[in-house]
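Report on one structure; see the data block that follows.
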Amino acid sequence: MSYQYLTVERNGGVERVTLNRPDVRNAFNEHVIADLTSWARRAHDDASLRVVILAGAGKVFSAGADAAWMAKMAGYSHDDNVRDARAAAEMFLAINTVPSIVIGRIHGAALGGGSGLAAVCDIVVTERDAIFGFTETKLGILPAMISPYVLQKIGASAARDLFLTGRRFDAMKAKEIGLVHEVVPAAELDAAVDRYVAEALSAAPTAVARAKGLIANVLSKAPGDVIGITADAIASQRVAPEGQEGLKAFLEKRQPSWTRTT
Ligand code: COA
């Protein structure tokens, strides 16, 4: 599969997906959206894919939606605008539901939809000097398609400040609000990502996919309404081959069969 604005490198069960439109700081237009969506949909069907590293080429991770692309939408009908916006929404949904572990590697900046991409990653590692922001209101627009994922990560209180002011914030603030998991010096960024990759490769793939599905499912419901879902999830998984292998490997003091180095 070849892409116009994505570089995809595969090493065993690990895929490194790099946004590759550095001249405009990896801003995304309809072509980047099409690339990312088709990559994510393919990843949904790839049972051997265990970990994804989502990164950006050049100076920054991503400057979000392409302002030139959005400005030209004034010449399109409302229906065309909605169709176009829905394509972006489908992209975020497709990445958010990739069943393997998606690690965001953020350097430089993640602004607007770039911070939205961080929100659909499972784990986000960033360098200390990176800047973040839901800058849309500064441009007279809204953080619309990314809002469900960002709100799940940062909550309404931080969103009221950051969505409404559109102000930029630093990596430590991104960690404080739950958008980022680890902040490291720039020189240690890849080593930090590699540590998460190694952790991810020792987690059982079916259990990972089901745990990820469980988070989304449980989040949308009240605690009393999820007893059936959670009980059924563990009842199925602990008697499944993976559950049995993991429990036995622990008791027999050996590595389970799914553990890999790449
Ligand atoms: N859409 C379209 N083009 C963009 C862009 C965006 N979101 N972000 C950057 N670019 C373009 C710039 O217009 C510039 O084009 P030019 O070379 O033709 O002048 C080029 O990318 C480089 O941008 P520049 O600002 O000079 O790069 P920088 O490395 O100094 O700064 C950023 C990088 C990301 C901090 C800065 O570009 C920025 O703040 N971008 C806007 C981010 C934003 O608010 N996004 C929300 C969109 S909804």
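For the reader, a short list of remarks on this structure follows.
- Strands (runs of 3 or more DSSP E) wholly inside segment 1-84 containing at least 2 residues that are in contact with a strand residue (DSSP E or B) (Cβ under 6 Å, 6 or more places away or on another chain) and within 16 Å of the ligand (Cβ to nearest atom): 51-56
- Residues that are out of contact with any Asp or Glu (no Cβ under 9 Å at 6 or more places or on another chain) and open to solvent by less than 10 Å² (accessible area, probe 1.4 Å), drawn from segment 21-38: 26, 36
- The set of residues from segment 118-142 being more than 12 Å from the ligand (Cβ to nearest atom) and among the aliphatic types (A, V, I, L, M) comprises 118, 119, 120, 123, 124, 125.
- The listed residues are 55, 67, and the only one of them that is in contact with a Leu (Cβ under 8 Å, 6 or more places away or on another chain) and open to solvent by 10 Å² or more (accessible area, probe 1.4 Å) turns out to be 67.
The values are calculated or read from the model by the stated rules, or taken from the named source; none is laboratory data. Owing to the predicted nature of the structure, the values given are computational and were not obtained by experimental measurement. Backbone-built Cβ (ideal geometry, glycine too); neighbour counts: all protein chains shown. Surface accessibility is based on the protein's heavy atoms, side chains included, excluding ligands, DNA and RNA. Shrake-Rupley method; radii C 1.70, N 1.55, O 1.52, S 1.80 Å.
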